[in-house]
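Inspection log for the structure reproduced underneath, given as structure tokens.
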Amino acid sequence: MRDPGQTDQDRGLRSMEIHSVDEDVDVTHAIMQKVRQIHQMRHGRQEGKRRRSILIATLSAIFVLSSITVYASTYLVQIKNKEGQIILSTMEPWKFSVSEYNQKRREETEAELKKKLKPGEQAVYYIKDKQMTADAKEHPLNYCYLPIQHKDYDDLAKDIEEKGAPEIQNPAYVPEGYTFDHGRIQITNEPVWNTPEYESLLNELKEKAEKSEEERKLFYKIVPWSQVASTVIQYRKGESQLTMIAFARSKGSTVKVPSKQAVKLTVKGTEMILSSSTGQSRRLTWLSETEEILYVITDDPKDPLSNDEFAKIAAGMIRE
């Protein structure tokens, strides 16, 4: 997740016209129809089971509709805390480009590095290559971390406790066909850019590169890390992935969600933003009650989720 900072994006948000979000979207018919379809498939159409199926469908629909409130939005969506402070807000997606050559070289380098790293290790690397363009020269050091992949949620939970990573509940509900693939903990890349530690490591690796006669070569150093950034759970159905992430954050700042289109959902009393950009995954984003954990659920464009599926997953991740 990129850190948008407090510069151009803040100015962009201030220049955007804020519209109140107060038009209700009636999703009753769609949800009722979906619930009926599910129960018809599970229970069949036999007359002896018809009344029971209708009762279950009705109760399911009542539960779903009482848990989800959807608001229409074409412009800016904002969520405030009890003190009236804006804690979550949409914004225009960033516009940035990366040289294809630079990207290819980094991908090749990281594939090579991951063969050398042990799970849980981080390498900071420098690529000696005159063909790499300006953005590589501005930020010459790159990071490669090989996470420990837990194939069982209980193992992930132990790692979360040991490392003090952001807590994330294994969802009580996922759409049919999805199974737990793995969980992992991601770190904060260190040393941080533009610090004395960064400059010292950069000078060390550049010095090695200058002494080498090879024109294209990788130089790296395994560097210890100290801070956890996020906890990730990934479910899979064939080639489709469903991802849930809990990001650690400091309370007090506004989280900005890049989006072309967004709606506000309320699940179990928690307001959330369901956002999308053209041709990309949709994301459901919300903050914990303490505002110190940011949760994001991301679907796969190959197997998009409906609004109520997003809401059901989120409901199963919120502690009672």
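Here are the numbers for this structure:
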| read-out | value |
| --- | --- |
| Packing rank of 258-268, 195-205, 94-104, where each peptide gets the mean count of other beta carbons within 10 Å, highest leading | 258-268, 195-205, 94-104 |
| Most to least accessible of Ile86, Ile293 (protein chains only, probe 1.4 Å) | Ile86, Ile293 |
| Area accessible to solvent at Ser226, 1.4 Å probe radius, in Å² | 80 |
| Global geometry of segment 90-317, whether rounded, prolate or oblate, following the gyration tensor of its Cα atoms and the 1.5 cut on a/c | prolate |
| Cross-link table Lys104/Lys217; Lys264/Lys312; Lys151/Lys237; Lys104/Lys237; Lys104/Lys137; Lys104/Lys130, entries beyond 20 Å C-alpha to C-alpha | Lys104/Lys237 |
| Segment 136-182: chymotrypsin sites (Phe, Trp or Tyr not before Pro) falling in loop per DSSP and having at most 15 other Cβ within 10 Å | Tyr173 |
| Positive-end extreme of charge dipole, segment 90-317 - chosen from Trp193, Tyr220, Ala209 (charges on Cβ) | Ala209 |
| Paramagnetic reach from Glu213 in segment 123-149 [backbone N under 20 Å; point 7 Å along Cα→Cβ] | 128-130 |
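The values are calculated or read from the model by the stated rules, or taken from the named source; none is laboratory data. Predicted model, so just to flag it, every value in this text is computed and none were measured. Because the Cβ atoms are built from the backbone with ideal geometry, glycine has one as well, and the counts that use them run over all protein chains shown. Heads up: the accessible areas ignore ligands, DNA and RNA and are worked out on the full protein's heavy atoms, side chains in. Shrake-Rupley method; radii C 1.70, N 1.55, O 1.52, S 1.80 Å.
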